[in-house]
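The values are calculated or read from the model by the stated rules, or taken from the named source; none is laboratory data. Computed from a prediction, not measured in an experiment: that's the story for all the values here. We place every Cβ from the backbone using ideal geometry, glycine too, and count neighbours over all the protein chains shown. Keep in mind that these areas ignore ligands, DNA and RNA; they rest on the heavy atoms of the full protein, side chains included. Shrake-Rupley method; radii C 1.70, N 1.55, O 1.52, S 1.80 Å.
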Amino acid sequence: MESFLAMDALLPVKREVGEGGETIYTWQGSVKYSLLALARGAFASQILSGEALFDCIRDLQLRSGLPHSRLARHASHGLALFCDDLMSPADAQVFFRSTLPQIARLALNLPALLQSQSQQIGDLGAEKDRPEMALRLLRKQHAGMVLLRQELVASLLACSFLCLFPSENRREEDLGIINFDTLFAGVYERGERNENKLRCILHYFDRVCNTMPQGSVSFERKVLPKKKDQEKEVHDGAFWRSSQAPLCPITLLEKGFIEDDGRDCLQVDFANRLLGGGALAVGCVQEEIRFMINPELIAGMLFIPAMADNESIEVVGAERYSSYEGYGPTFRFKGDFSDSTPRDTWGRRQTHIIAIDALPKPGEKQFQSPLMLRELVKAYCGFLDPCSTEGEPGATDNGGDAMDIADESPCCVENKELCDGVVLGITSNGNGTGATTDIKTTVGIATGNWGCGVFGGNLELKSLLQWLAASQAGRPYMLYFSFQDPRAKRLQEVADWILQEQWCVGELWSILLEYGEQGQFHVNLFDWIMPHPGTKLHYSQHYHKAR
C-alpha cells in the first residue's frame, strides 16, 4: 500500500475514494479548463509559437500549484528555437493545429485511463484487480511488475511533454526527471542532437494520435537477494569458481545494431542506474537513443527508482516508432519505423529490453575481485530467465524475504506462454554447490560494449563477464555488437579458442581473477589469456599447467 500512496504524490491528478470504495482520479478544475482549451485547437488556445507554448506550460504548472522555477532555465529558448526556426512552416502548422491539441486530449484522458487500469489488466488475462501489476513505485529490493496499456503510456508521456508531473518528491524516492523541460532546453544548449531527439518524440505522438496501439508494455524490477544461510550463492565468488556450466557460443558482429539484428534476443540497454539516463536531458548514447526510438520506455522513468547493484529492469513490449542514424552529436531522426514484432497473449510486442548499469569510471579497480563480481552479478540478474525454479537465485517479496522469481513474476510458471524460454531447473554438480545449470531457454543475448564508452570500462573484461553471465543463465548464445570498436577485434578469436579448449564458467572466472591479482595491466587481457603464436607459452601459463 505504501508504494501506491507514494505514487499518488508523483502523479499530476488527484486520487480520491468514492462512496462505493472505488478509486476516482480527477484533474484540478483550473488545470482541466486549460487542457480543454488546448485540446480544442489553435483557434481556441491561440498557441501558435514556441514562446506561446512555453507560456502555456508555465501556466499549467502554476494552476497545478507547481513552482514554475522548476522548469529548466533554457526551456523557453529551446521551444522557441525548435517550433519557430527549426521546424518547417508546414510542420509547425501540423504541430500546433493537430498534434498539440491531440497531446492535450491524451493528457485529459489520464484520470479515466488510470481508473480503468485494473479492468484492463483483467482483460489481458491476468487475475482481475491484481494490485501488484497496477501503476505504482517499483521500489528497490522489491521484485515486481507494472503492466500498462499503450494508451495509458501515451497519456503519461503527454503529461511529461506538458511538464505536468510534480518534481519535489522525486529526488527523495531516488527518481530521475520525467518532465520534458530539460529536453526542450537541450535544443538550445546542445543543438542538433536534442532537436532530433524531440523530432522522435513528436513523431511518436503523431503515430499514436493517428492510430492508437491496443497492446501493452510491462516494466519489471528483477532482484537477486543474498541468501544468508547458503554457503555458495551468486554474490560469492566461490559460486562462480565452482561452476561447471558450459560457455555458450559467441558471435561477434562488427556491423549492425542490437535493436535490428538482435530482435529475437534479450536486448541489453547499457543503462544508467537511473533508468533512461539522460534521455530527457542532453545524453545521446546507446540508452538515450533507444529511449527516443522506443519512447514508451520513458514511462518507466516515472515510477522506477534507481537500480541497486543486485537489480536489473526488464521491459517487454515497448514498440519502436522511429528510424535513425548516427550516435552522440551525429544522432539524426530519419523518419518512420513500422514495428512488425509479434505480440504475446498480453498484447506486448515480443521485444525484451534489459537495463543493466555498469560501474562508472572504475579505473584499474575494475580488475579487483569485488568489482568484477559486482558486474558479473549485475549482468546475471539481467540475463536470468524470469521463469526460475527451485534452487535458482530468487527475488524478494514485499517483506524482503528470499523467494523464487517464479512465485513473484506473473509471466512465469502459470503463464508459460509469456516466457522467453523454458526453464528445466538447476541440478547439483555432485558436491552440493548447485553451480551446474540445466537451464534451457530459446532466447539468446544481444549485447555489446556495455559500460565501455563514457563509463570507462575495459572492453575485454566486460565482454568476458557478460559471456560468463549469459552462460551461467543458460542462454543458448550471445551476439556481441562491437560497433566497429577496434578493442573487440580479437573477441571472436579468444572465444573460439576458449570454446575449443572446453573451458567452463568456473575456469574462465578463475582466469579473470588471476589476471586481476597479477596486476599486469600493461598486458592486454586477451593477450594474457591466449597462447603466443607457435608456442605453448602465455602469460597465464602457470594456471594452465595447473589445469
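List the residue pairs whose Cβ atoms are under 6 Å apart, where the first residue sits in the range 163-192 and is under 19 Å from LYS140 (Cα atoms), the second is open to solvent by less than 20 Å² (accessible area, probe 1.4 Å) and not small (Gly, Ala, Ser), and the two are 6 or more positions apart or on different chains.
Every condition considered, the pairs that remain are GLU173/PRO305; ASP174/PRO305; LEU175/PRO305; GLY176/MET301; ILE177/LEU280; ILE178/PHE165; ILE178/MET301; ILE178/LEU302.
Identify, by number, the condition in (1) of a type in the set (Phe, Trp, Tyr); (2) part of a loop (DSSP other than H, G, I, E, B); (3) touching a strand residue (DSSP E or B) at 6+ places or on another chain (Cβ under 6 Å) that PHE521 doesn't meet.
Condition not satisfied by PHE521: (3).
All but one of (1) closer than 30 Å to GLU172 by Cα; (2) aromatic (Phe, Trp, Tyr); (3) over 23 Å from the mean Cα position of the chain (by Cα) hold for TRP240, so report the exception by its number.
Unmet for TRP240, out of (1) closer than 30 Å to GLU172 by Cα; (2) aromatic (Phe, Trp, Tyr); (3) over 23 Å from the mean Cα position of the chain (by Cα): (1).
Is it the case that some residue within the range 72-79 is surrounded by fewer than 15 Cβ atoms within 10 Å (Cβ to Cβ) and either without any contact (Cβ under 8 Å) to a residue 40 or more places away in the chain or part of a loop (DSSP other than H, G, I, E, B) (or both)?
Taking the range 72-79 first, the residues surrounded by fewer than 15 Cβ atoms within 10 Å (Cβ to Cβ) are 73.
Pick out the ones that are also either without any contact (Cβ under 8 Å) to a residue 40 or more places away in the chain or part of a loop (DSSP other than H, G, I, E, B) (or both) and you get 73.
Checking the range 72-79: at least one residue is surrounded by fewer than 15 Cβ atoms within 10 Å (Cβ to Cβ) and either without any contact (Cβ under 8 Å) to a residue 40 or more places away in the chain or part of a loop (DSSP other than H, G, I, E, B) (or both).
Among the candidates LEU275, LEU198, single out the residue that is crowded, with 22+ Cβ neighbours inside 10 Å and closer than 20 Å to ILE356 by Cβ.
Matching residue, one of LEU275, LEU198: LEU275.
Sort out which residues of the range 33-68 are polar (S, T, N, Q) and in a helix (DSSP H, G or I), and write them in order of number. Break it down into steps so the answer makes sense when it comes.
Restricting attention to the range 33-68, the residues satisfying the condition of being polar (S, T, N, Q) are 34, 45-46, 49, 61, 64.
Passing the criteria: SER34, SER45, GLN61.
Determine, yes or no, whether GLY534 is of a type in the set (Gly, Ala, Ser) and modelled with pLDDT under 95.
So GLY534 passes the test.
As an exercise: evaluate ALA6 against (1) out of contact with any Asp or Glu (no Cβ under 7 Å at 6 or more places or on another chain); (2) touching a residue at least 60 places away in the same chain (Cβ under 8 Å); (3) open to solvent by less than 30 Å² (accessible area, probe 1.4 Å) and give the number of the one condition it does not meet.
Evaluating ALA6 over (1) out of contact with any Asp or Glu (no Cβ under 7 Å at 6 or more places or on another chain); (2) touching a residue at least 60 places away in the same chain (Cβ under 8 Å); (3) open to solvent by less than 30 Å² (accessible area, probe 1.4 Å) leaves (1) as the failure.
Select from the range 23-63 the residues that are in contact (Cβ under 8 Å) with a residue 60 or more places away in the chain, closer than 25 Å to SER88 by Cα and either open to solvent by 50 Å² or more (accessible area, probe 1.4 Å) or touching a strand residue (DSSP E or B) at 6+ places or on another chain (Cβ under 8 Å) (or both) and list them in ascending order.
Residue satisfying the conditions is ARG40 alone.
When both residues are 6+ apart or on different chains and their Cβ atoms are under 8 Å apart, which pairs have a first residue that lies in the range 514-525 and is over 9 Å from PHE367 (Cβ atoms) and modelled with pLDDT under 90, and a second that is open to solvent by less than 60 Å² (accessible area, probe 1.4 Å) and not hydroxyl-bearing (Ser, Thr, Tyr)?
Close Cβ pairs satisfying both conditions: GLN520/TRP528.
Sort out which residues of the range 243-270 are of a type in the set (Gly, Ala, Ser) and either buried (at least 20 other Cβ atoms within 10 Å of the Cβ) or not in a loop (DSSP other than H, G, I, E, B) (or both), and write them in order of number.
First pass over the range 243-270, keeping only residues of a type in the set (Gly, Ala, Ser): 243, 245, 256, 262.
Matches in the range 243-270: SER243, ALA245, GLY262.
So in the range 337-364, with the set limited to residues that are small (Gly, Ala, Ser) and part of a loop (DSSP other than H, G, I, E, B), which one is surrounded by the most Cβ atoms within 10 Å (Cβ to Cβ)? Break it down into steps so the answer makes sense when it comes.
At the first step, the residues of the range 337-364 found to be small (Gly, Ala, Ser) are 338, 340, 347, 355, 358, 363.
With part of a loop (DSSP other than H, G, I, E, B) added as a condition, the list becomes 338, 340, 347, 358.
Working: SER338: 9, SER340: 8, GLY347: 19, ALA358: 24.
The qualifying residue surrounded by the most Cβ atoms within 10 Å (Cβ to Cβ) is ALA358.
Please count how many residues of the range 139-174 are part of a loop (DSSP other than H, G, I, E, B), crowded, with 22+ Cβ neighbours inside 10 Å and within 18 Å of the chain's Cα centre (by Cα).
Residues flagged as part of a loop (DSSP other than H, G, I, E, B), crowded, with 22+ Cβ neighbours inside 10 Å and within 18 Å of the chain's Cα centre (by Cα) within the range 139-174 amount to 1.
Tally up the residues in the range 13-32 that are in a helix (DSSP H, G or I) and closer than 15 Å to CYS159 by Cα, please. Walk me through how you get there before you give the answer.
If we filter the range 13-32 for residues that are in a helix (DSSP H, G or I), which is where we start, we get 29-32.
Those still in the list that are closer than 15 Å to CYS159 by Cα too: 31-32.
Selection size over the range 13-32: 2.
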